[in-house]
């Protein structure tokens, strides 16, 4: 790139930042209490004679900044000397305000819009008080423990005496209990995809029964009796509101059934003194599987055996978890091609190594997956690597995650095994004074990235981009921006407001995607979600979206959903 | 009978609530599941009756007014002491239930054990185990988490903190002053010595063997010495191992059942490897230990360092009598230290903690032992202003007739007695503090200050922080709420502070992203802060993950609900929605704390003095802020709790360096 171009880009960036800053100021964005130029007037450096020795004296004389900094008199023996804002590390510089101009601009709707919404909802925003309360209020009551659908034996996290355990021949002590729990979802939803309309009342029930044996051993069985799995999707028990026809998705198929335990806890006699590392976690059976936050694997039913080693460490890694997975009996294969749903491939086998490591400043996930199949899908090698960390600006902390994924067919390409790469970035932050969340996500799909295993409802790997990119998971209503990781780039900007101690939430989002191969697959959309907890079991959700496809008419959807947890 | 009283209490409550809608009793719909303080299970030992019933929680958390009120406030204090008809009825119900329990004496208090094991008792009385249930921070955090999880978290937290209270079916939220004395003792004697099965990693859900003082206890080696003591009544006096009214003698446990697992790390791991049913790994101290050189290479145990002679060092065990029976010591043997030192310290009134039978008198007659030596009830102790010097000669000589003291402290003799007790309490607390310092100072190492640059561009220096133990990471256990940080300071020759990192805001918080001053834009982030605190990270609806003080993923779900994880939690090692980002130092690990001081800050007269401290605290103040809405026991405000937490910060290591003024500097 020529020096002229670089110079032009610099000017452009500077101008953009200047514009953002100015707009933020004009729109009444939050003012910092101590912009750098004001610091000397607000807080003065203590007089030299009053500045005591760091460890020997204990005086707050001369402390001018007690409004902001802890009074040193109460700190003993860890003494903190009187200090001023000019002494604290990293005092903000003028340029810092410029560097964070864009986030500040995006934070502008925080106060006014949030207050308007709070008024409309007759609720209180979740605010963060600055100073601790000096009033004692006594103990407050807590909600009653919501009962499970069924509890046999020991109550699930219930108070009361515990029964003696049963000692197995291996030395493990079990106290069996059986709990039934789950979630019921019912939705009235309407969607208009530029002429094609869906109007339905759909239902979904996730029902689980757990035979709990000990703290580490359990057997979990799960059913989805109201929606039936098909080869390339799921059929929900629903009623078509336009023609009155009903769809029967009732079934009794086992969706989940696995045993999970810890080898060392299962056979304690092998290591009575706890000096061997036998604490291998393992699971075997039919289970869901997730990797890279669902970008790499998002399978809801897979027959597999897993072995996990946790709490590994090195001098730099505080915590390393490694899991080996082998799945037999088929996985659902994902295709980068439009129009091809995630399809069950009964002949495929999956082998995966999933790792997660905590470093001092970040968490890294590195996952490798190989799918072997000689018939439908073809062999596929895929990997995912991510770094999740919080970046500290001068005025905010930014949550960031960067994912890099790739897929490589090892035995010739097929619709379910394509070569491609996916870059996925997420950023979010919480504006001052509130607990709200602003997020900005973006992706770039190069060629045709293919996820090795995705459930029939999981769609493509880009659902994490935004609410507009993901289907609700019930009925026939899809995502407003239905995008595959196929030569495309996209982004979403969202704002999540919290009210009534987070029990009421409003999410606004704007997003879009554009094909990078010249095809006219561009979509822009916006949407609002309102969700509210009702009592101790129910959640109500209202979704409204509208979008425009480059090659199609305006699409819109309206949903009302009620969820019951038990 | 208990049920009748319960019904009566409920009816009366309804009547009172109808007459006084503003009463401070909680609404029935939003309350803790009842517990058998009213109902059947307390009427007998756990296991004998397991029936439970639903009824409202009792609101007994109202504590007296602050100490030494002005005369104008006397009426308020007196009114606070008055008991409404409703409270009287409820308390009668509780008393009856507790009385039933005492008849059977399901879980004897540590005070009963103290009769023959005074040294063990004293060590334990000031330990973190003894403090577990009294901790206002713990209780508020538990309540807040339950509330955030819509009640679904149940007894997950408190089951470890008061296994006896949970076995007695006490409410989760309840003032400690109203709890059963043994419940208030937290991890008391019977919590370890009435366990007879190797439960493994069960997040504290151990079954306690119920029974009175004569029930056999579990011991590491069995009952040979007990048998020997029993065989020599001429030396040890007549002992009564069975409940026999016809026999006069000292009540003792009827036997010692050998329970080898008491000496193993796995026993500690039953509570110190905490994972929720949804797979969230809250604490993994035991897992860290199992992967450590101390376990794998040296074959050491938790007890070696935490119950030995020198805290934090596997230095062997003391040798001494296990009991003092009838003033006669038993033959010496391996003697473990039951202080079991850890990083926690007390922030409650010194009259209440350490546990001391001479200090606390039970408020309810039903709780009182036959000979109650206690000077005052918990609520009365809260009125004793020890910081003002009550009971000290220097204070008392200035007291006049007009000075007002709340009852029972209006009696000067009583104030002197209280001061004597407090002096002993402070002495014990100091002993514990010394042990804690020893433990923590051993667990962390601080290297020398290394100056990389000191020129016209400013000062650049660093210091190495190392894990000093090979048994687990530091901090460990509840590492997401442990504050261990470096405070780096640069002073000029006039003593003026020119640079600081690791300072505290007005609340007492480090200036990290959880400080409310930082969050609200009133102070900048301490970007050079070196902290070893692990972070709770929760998944956002979109936008990745963010740090939260409490690991409740409400961005994903307006109704967080704790249920068993529906996918194998071993695969990810955590639930999808929340995790810990461990930032601790594992065994053998070290990390540099780097600091850059710009030249603009070094404008004072030299030479400069660099002071670097490694500081450890119990919990961050932002946790206090986050849980404050749940309310603190012992009538503490959030600010008081924070001040006391910060007052416990201690410097583990310090390094100093003097830098001659660089002539190139202005």
| remark: Gyration tensor on Cα atoms of the stretch B:365-439, a ≥ b ≥ c root eigenvalues, a/c under 1.5 rounded, else prolate if a/b beats b/c, else oblate, says oblate
| query | Where in the stretch A:430-463 does the amide nitrogen come within less than 20 Å of the point 7 Å from the Cα of residue A:196, taken along Cα to Cβ? | reply | A:456-463
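Quick check: residue separation of residue A:99 and residue A:528 times 0.36 nm, minus the Cα distance between them. What number comes out in nm? Write down the numbers at each step before the final one.
Working: separation 429, 0.36 × 429 = 154.44 nm, distance 2.98 nm.
Stretched out fully, the residue A:99 to residue A:528 stretch lengthens by 151.5 nm.
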| remark: Taking B:412-425, B:338-351, A:461-474, A:199-212 and ranking on average Cβ neighbours within 10 Å, highest first, one gets A:461-474, B:338-351, A:199-212, B:412-425
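Give me the extension gain from residue B:424 to residue B:402: residue separation times 0.36 nm, minus the current Cα-Cα distance, reported in nm with one decimal.
On the way: separation 22, 0.36 × 22 = 7.92 nm, distance 3.00 nm.
Fully extending the segment from residue B:424 to residue B:402 adds 4.9 nm.
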| message | Between 0 and 90 degrees, rounded to the nearest ten: what's the tilt of helix A:3-26 against the longest Cα principal axis of chain A? | response | 80 degrees
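What is the mean number of Cβ atoms from other protein chains located within 10 Å of the Cβ atom of each residue in peptide A:314-325, rounded to a whole number?
On the way: counts 3, 8, 4, 3, 14, 14, 4, 6, 1, 5, 1, 1.
The mean count of partner-chain Cβ atoms within 10 Å per residue comes to 5.
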| message | Largest first, please: the extent of the C-alpha atoms of the stretch B:443-659 along each principal axis, to the nearest Å. | response | 62, 40, 36
| said: Please rank B:304, A:232, B:402, B:509, fewest neighbouring Cβ atoms within 10 Å first, as an exposure proxy. | reply: B:402, A:232, B:304, B:509
| field | Scaled radius of gyration (Cα, divided by 2.2 N^0.38 Å) that the stretch B:598-661 gives | value | 1.71
| query | Roughly how many Å is it from the Cα centre of the stretch B:229-276 to that of the stretch B:538-575, as a whole number? | reply | 43 Å
| Between residue A:322 and residue B:656, how many nm apart are label points set 7 Å from Cα along the C-beta direction? | 4.8 nm
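What is the order of A:80, B:228, B:141, A:322, fewest Cβ neighbours within 10 Å to most? Let's see the in-between values first.
On the way: A:80 27, B:228 13, B:141 22, A:322 16.
Going from least to most buried by this count: B:228, A:322, B:141, A:80.
Please average, across the residues of B:631-637, the number of beta carbons from any other chain that are within 10 Å of each residue's own beta carbon, and give a whole number. Walk me through the numbers before you get to the answer.
Numbers: counts 6, 5, 3, 3, 4, 3, 6.
Whole-number average of other-chain Cβ neighbours for B:631-637 is 4.
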| message | Report, to one decimal in Å, the Kirkwood hydrodynamic radius for the stretch B:116-225 based on all distinct Cα pairs. | response | 15.0 Å
| task | Would you tell me the mean number of C-beta atoms belonging to other protein chains that fall within 10 Å of each C-beta in A:527-535, as a whole number? | result | 2
| remark: Checked the stretch B:194-341 with the C-alpha gyration tensor, a ≥ b ≥ c its square-rooted eigenvalues, rounded below a/c of 1.5, otherwise prolate if a/b is larger than b/c and oblate if not; verdict oblate
| note | So for R0 = 51 Å, FRET eff. of residue A:254-residue B:431 from the Cβ-Cβ r, to 0.05, ends up at 0.30
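Most exposed first by the Cβ proxy, i.e. fewest other Cβ within 10 Å, how do B:355, B:514 rank? Don't skip to the answer; put the middle values down first.
Numbers: B:355 27, B:514 23.
By the 10 Å Cβ count, ascending: B:514, B:355.
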| field | Spacing of the two label points (7 Å from each Cα toward its C-beta) at residue A:305 and residue A:347, in nm | value | 2.4 nm
| task | Divide by every residue of chain A the summed helix terms, -39500 (n - 2.57) for each DSSP H run of at least 4, and state the resulting mean residue ellipticity at 222 nm, rounded to the nearest 500 deg cm²/dmol. | result | -3000 deg cm²/dmol
| query | Once a ≥ b ≥ c are taken as the square roots of the eigenvalues of the Cα gyration tensor of the stretch A:150-565, is the result rounded (a/c under 1.5), prolate (a/b larger than b/c) or oblate (a/b not larger than b/c)? | reply | rounded
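All of the numbers you see were taken from the coordinates with simple rules; none came from a lab. Owing to the predicted nature of the structure, the values given are computational and were not obtained by experimental measurement. Every residue, glycine as well, gets a Cβ built from its backbone with ideal geometry; the counts of neighbours run over all protein chains shown.
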